[in-house]
Every structure is written in C-alpha cells, then in structure tokens.
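The values are calculated or read from the model by the stated rules, or taken from the named source; none is laboratory data. Computed from a predicted structure; not experimentally measured. FYI the Cβ positions are ideal-geometry reconstructions off the backbone, even for glycines, and counts take in every protein chain you see. Keep in mind that these areas ignore ligands, DNA and RNA; they rest on the heavy atoms of the full protein, side chains included. Shrake-Rupley method; radii C 1.70, N 1.55, O 1.52, S 1.80 Å.
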Amino acid sequence: MEVTMDPLFLAWSYFRRRKLHQCSDICTKILQDNPYDQAAWSLKTRALTEMVYIDEVEVDQEGIAEMMLDESSIAQVARPGTSLRLPGTSQGGGPTPAVRPMTQSGRPITGFVRPSTQSGRPGTMEQAIKTPRTASTARPVTSASGRFIRLGTTLFEFIFHHENDVKNALDLAAQATEHAQFKDWWWKVQLGKCYYRLGLYREAEKQFRSALNHQEVVDTYLYLAKVYQRMDQPITALNLFKQGLDHFPGEVTLLTGIARIHEEMNNIPSATEYYKDVLKQDNTHVEAIACIGSNHFYTDQPEIALRFYRRLLQMGVYNCQLYNNLGLCCFYAQQYDMTLSSFERAQSLVANDEEQADVWYNIGHVAVGIGDLTLAYQCFKLALAFNNDHAEAYNNLAVLELRKGRIEQIGDLQSSYTAAQKSEDSFPEHVDTQQLLKQLRQHFAVL
C-alpha cells in the first residue's frame, strides 16, 4: 500500500530545511486546487519572503540622492565629537596612529566590512555611480520576530521585503495599528520601518519610541539607533544603546552597536574596549575579533594581531581578506616563511578584481619593505591592471619614480607627478598623496 505525504506538511518540511523554492512550488500546486487555503498562502508568502530577506537593523549606505536631499541636518559644521560625517573626529584619550589608512569619508578602515563603514557618503556623482550598493548584512539575520502567526503579519513581510512596495506596506501597517487600538508594539515597529524606508526619520522615531513604551525589545532599540545614525546624531544613539543595556545587560548586539559608533567617530580606544566586552559575552564574535586584530596591527603590535586572525582561521573563516591580513601580520612580525604562502592562498580565494588588486598591492608593499623595488613596481602595476582607481597603488608608483634617483630629469618627474595626480583623482583626501604632490610641486618650482 503506497503512503502519500500531505502536500502542506511536505511544504512545511521543505521550509524548515530552507529549501524555499520547493516549498513555494508545492504551495502553488495546493493553491491551484484550493485558492482560498490560507495556510498555503501564508507558507508561500513566508517562503518567498525568506528568499530575499535581509536584516533591516543594519545601517545601509547613503546614496547620492540621500546626500543631496538631506533635510535633517541643522548645522553645516558639526561640533567635534558629535557627527559621523566629520572627517578626523576623535574623542579618544590619545591620538590615533597616523599610519592607519582612512576611508574616503575620513574614518579609519575597520577590521570588518559592513555597510557604511568603508566608502562612506559619496562626494560626487561619479563616486556614487562607481560605489556599489550592498544588500548583504554584516551579522547573522537575527531580527526575525516570530510574528508569522496570522496571515496579516505574513502578508506585510511579503509586501515589504519581497515586493518592496513600501507604500502599500505602510497602509497595511497603519490599518493594523488602528485595528489594534494603537497598543500593538509589533505593528508600530513595522510602521517605523516603512517610514525609515521613505526617508521620514522623525516619523520613524516616533513609532519606535512608542513601540518601546509598550514593549522593551532589543530590535526596537537597534532600529531607533539606526534612525539616529542616519540623522547624524551619534551621541543620542550611544545614549539609547546604553539605555538598552540597562534593560538587557550584556546584550551583544547593543555592545556591538556602541563599538561601531565609537569606531566611526574615530574613537578607536573606546571602540576596542567595547569589542572586548563583546568577546566576554560571545568569544566567537567574528566582527569583534577582526576589529580588535586590526587595531593591534595599526598600533604596531602585529604579533598580537596575528593571534586574533589565527583565531578566525580556527573558527572556519576562510576568505581572501583573512589571508591577506595574515600575510601582512606575518611580514611585520618577521615570520617571513609564512608571508608569501599567505598571499598565495589569498590569491587563490579572490572573488573579484578589487580583491585581486588589494592582494597585489600588499605584495608590492612587502617588496618595498625587503628592498626589491623592481618587484614592487610590477606588483603595483598589476594592482592597477585589476583596479584602475587604486589610489594607494598610484601613490606608491609615484614614490618609486622619485626613488630612482632621476629627480632632476623633467620627464621622470612628470611621470611621477602624473601618477600622483591619478591618486589624487581617485582619493582626494589621501594624506600621503597630498604630501607627495606638495613635494613634487616644490621640485617643479626649483626647475
């Protein structure tokens, strides 16, 4: 006797095993026979939503439109230590090491790639076009609220995430909030998310604040802090995170949020302390390990940084960036036997041309350190072959032209000057390039 499994049960089984396409296909067949099956509709919308779901808690990058149409800023020049958009801001007790490279927004490069930390706000239309927008999240998807009980909540998630129809999602959330007599915190959070997507940050703030009055939830604190960061109010966001820690002591996401803000404000010592607090709660937190390791490297402690990066390797993190960092740490820690092998492993794991360019640039940096300028020149040329906007590679090529000892020859000087100009075009705020251009212009004046 042949036994057949109930199709809806099979669809649920596929959903629990993250086989979302098979789940959606079975639900479609069920709905063809019974278009009014609410359980099948709910499960199908959940499956389609999960295919494209991203964590809304993460702060996304601002595009050129948001930058040009920003109506939330009051003062054009913020006081030091109160803005995320002011390059060079620092609240730390001591100066940040000058050797630490900066992003195009003027903030130090972090040890962990996440939205809004690497490229910052684009300064020109050309930079905005060249800057890719990311839809990935830096931390695991944790803000799913578990409110997929009724068809209405499932429908909202489907409209908001899968269809990206924020206006209809807002209408649905508003009607649901009114039906709940304005006492349901979950629907208020969804209203805040819709307002945030629409750029109505003050309205989003009101909804999140109201939701917190009804129910203390970690994700609501994270959403509200995201609003304050977008409005360039980092001090308010820090106070909010600390308020959340009073209700949820030791919460990793809140501690991480505080560390990120300190890092973006160039307050590296405080950021490191909070990342250490994160590791006390979760000693496998990848972002905290990577950022602490990066800080040790840029404070001339490559041996300690090497321990943190090896820890990531033991945890199963296996990518180009990790081996790239391992190669640099091994070189500066004078473990030369592991340096080139780490870079070779990094090259075998590259995912795009930009990563390839970074690997060749760092190999060239190592070649400069051992005095092989010919190899360094070739490496920087290879870096530019993969990424023609690599400002640091242009800068180092210009320096190599000067180190050839043919400075008095106008032709060689002009080639160095051209490379420095290209570096300035790619990264106008690059300090080393500005100093090099100043030196070259002084030579031109003498000639």
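This model, with +1 at the C-beta of Lys and Arg and -1 at the C-beta of Asp and Glu, gives region 231-388 a dipole about its Cα centre of some 280 debye.
With every protein chain in place and a 1.4 angstrom probe, the accessible-area ranking of 353, 232, 358, largest first, reads 353, 358, 232. If only the Cβ of Lys and Arg carry +1 and only the Cβ of Asp and Glu carry -1, the dipole of region 244-289 around its Cα centre is close to 80 debye. On full extension, the segment bounded by residue 55 and residue 378 gains 112.1 nm, given 0.36 nm per residue less the C-alpha separation.
Grouping the Cα pair distances of region 185-296 into 10 Å bins from zero gives a pair-distance distribution of 15, 42, 30, 12, 0 percent in increasing distance order.
Here the spin labels are modelled as points 7 Å beyond Cα on the Cα-Cβ line, and at residue 113 and residue 353 they lie 1.6 nm apart. Applying 1/(1 + (r/R0)^6) with r as the Cβ-Cβ distance of residue 197 and residue 175 and R0 = 22 angstrom yields a FRET efficiency of 0.80. Take residue 25: with every protein chain present and a 1.4 Å probe, its accessible area is about 90 Å². Per residue, the accessible area of region 219-268 comes to 26 Å² when a 1.4 Å probe rolls over the protein heavy atoms. Label-to-label distance, residue 435 versus residue 183, with points set 7 angstrom from Cα along the beta-carbon direction: 6.6 nm. Across region 233-349, Cα pairs under 8 Å and at least six residues apart give a relative contact order of 15 percent. On the basis of the beta-carbon distance and an R0 of 25 Å, residue 418 and residue 385 show a calculated FRET efficiency of 0.90.
Note on surface exposure: 5, 265 rank 5, 265 by accessible area, highest first, 1.4 Å probe.
Taking Cα centre as origin and charging only the Cβ of basic (Lys, Arg, +1) and acidic (Asp, Glu, -1) residues, the dipole magnitude of region 152-206 rounds to 220 debye.
The alpha carbons of region 309-412 stretch over 54, 29, 16 Å along the principal axes, in descending order. Inter-label distance, residue 276 to residue 303: 1.9 nm, where each label sits 7 Å from its Cα along the C-beta direction. For the listed residue pairs 242/276; 19/167; 183/242; 242/280; 167/193; 193/280, the alpha carbons are over 23 angstrom apart in 19/167; 183/242; 193/280. Max-minus-min Cα coordinates of region 333-390 on each principal axis give 30, 24, 14 Å, with the largest extent listed first.
Farthest toward the positive end of the dipole of region 276-429, out of 304, 366, 387, is the Cα of 304, where the dipole comes from beta carbon charges about the Cα centre. If R0 equals 35 Å, the separation of the Cβ atoms of residue 341 and residue 403 corresponds to a calculated FRET efficiency of about 0.80.
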